[in-house]
Amino acid sequence: GGGAAMADGEGLLSVDYEVHGKVQGVFFRKYTQGEAKRLGLVGWVQNTSHGTVQGQIQGPPARVQELQEWLRKIGSPQSRISRAEFSNEKKIEALEHKEFQILK
């Protein structure tokens, strides 16, 4: 990691995530949305039928990494994260979402 300058040349990143643990019924989606908005990221978050939370993050790589760390270690105050998995990481030309949404 180098300087914190917002270089236009670094492009945009898209990554899918799934968080395991006690992450439903603890406002995990609301807090994830809040953190993503604070970081200026777009994407979505939703509960799954098997008790995890999944979604997609898009934005500048450094900010995406910040949210990945947050999903891995912090989460909402009442949550207990056992693990966070990230997949389909790829560079994108433009953001595919307008905002960060909570999907039902």
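Bear in mind these aren't lab numbers, they're just calculated from the coordinates by the rules spelled out. Bear in mind the structure is a predicted one, so any value in this text is a computation, not a measurement. Cβ sites come from the backbone with ideal geometry, for glycine too, and all protein chains shown count toward neighbours.
Please work out which option in (1) 18; (2) 30; (3) 57 gives percent of Cα pairs over 24 Å apart calculated from these coordinates, and answer with its label.
Structure-derived value, by its label: (1).
Considering the options 17, 42, 103, tell which one lies farthest towards the positive end of the dipole of the chain, charges being +1 on Lys and Arg and -1 on Asp and Glu at the Cβ, about the Cα centre.
Working it through, the farthest residue towards the positive pole turns out to be 103.
Treat each spin label as a single point 7 Å out from the Cα along the C-beta direction, and report the residue 82 to residue 49 distance in nm.
2.0
Among DSSP bridges having both ends in the chain, what percentage is antiparallel? Round to the nearest 5.
90
Using amide H atoms built 1.01 Å from N in the peptide plane, name the residues 5+ places from residue 13, or on other chains, whose amide H lies under 5 Å from its own.
Long-range HN contacts for residue 13: 59, 92.
With runs of 4+ DSSP H residues as the only contributors, calculate the mean residue ellipticity of the chain at 222 nm using -39,500 (n - 2.57) per run, divided by the residue total and rounded to the nearest 500.
Values: 2 runs with 25 residues, N = 104.
So the calculated ellipticity at 222 nm is -7500 deg cm²/dmol.
Specify which residue in the list 74, 26, 60 is farthest towards the positive end of the charge dipole of the stretch 6-89, using unit charges on the beta carbon of Lys, Arg (+1) and Asp, Glu (-1), about the Cα centre.
The residue sitting most towards the positive pole is 26.
Could you check which residue among 62, 36, 94 shows the biggest mean-square fluctuation in a GNM of the chain with a 10 Å Cα cutoff?
94
Tilt of helix 28-39 relative to the longest C-alpha principal axis of the chain, in degrees (0 to 90, nearest 10)?
With both axes taken from Cα atoms, the answer is about 20 degrees.
With charges only on Cβ, +1 for K and R and -1 for D and E, what is the dipole size of the stretch 23-102 about its Cα centre, in debye, rounded to 20? If you can, show how the numbers build up before the last one.
Numbers: 12 positive and 8 negative charges, 46 e Å.
My answer is approximately 220 debye.
Each residue of the stretch 82-89 in order: what ³J(HN,Hα) in whole Hz does its phi give by Karplus 6.51 cos²θ - 1.76 cosθ + 1.60, θ = phi - 60°, with x for Gly and Pro?
3J(HN,Hα) across the stretch 82-89, in whole Hz: 8, 6, 10, 10, 10, 8, 6, 6.
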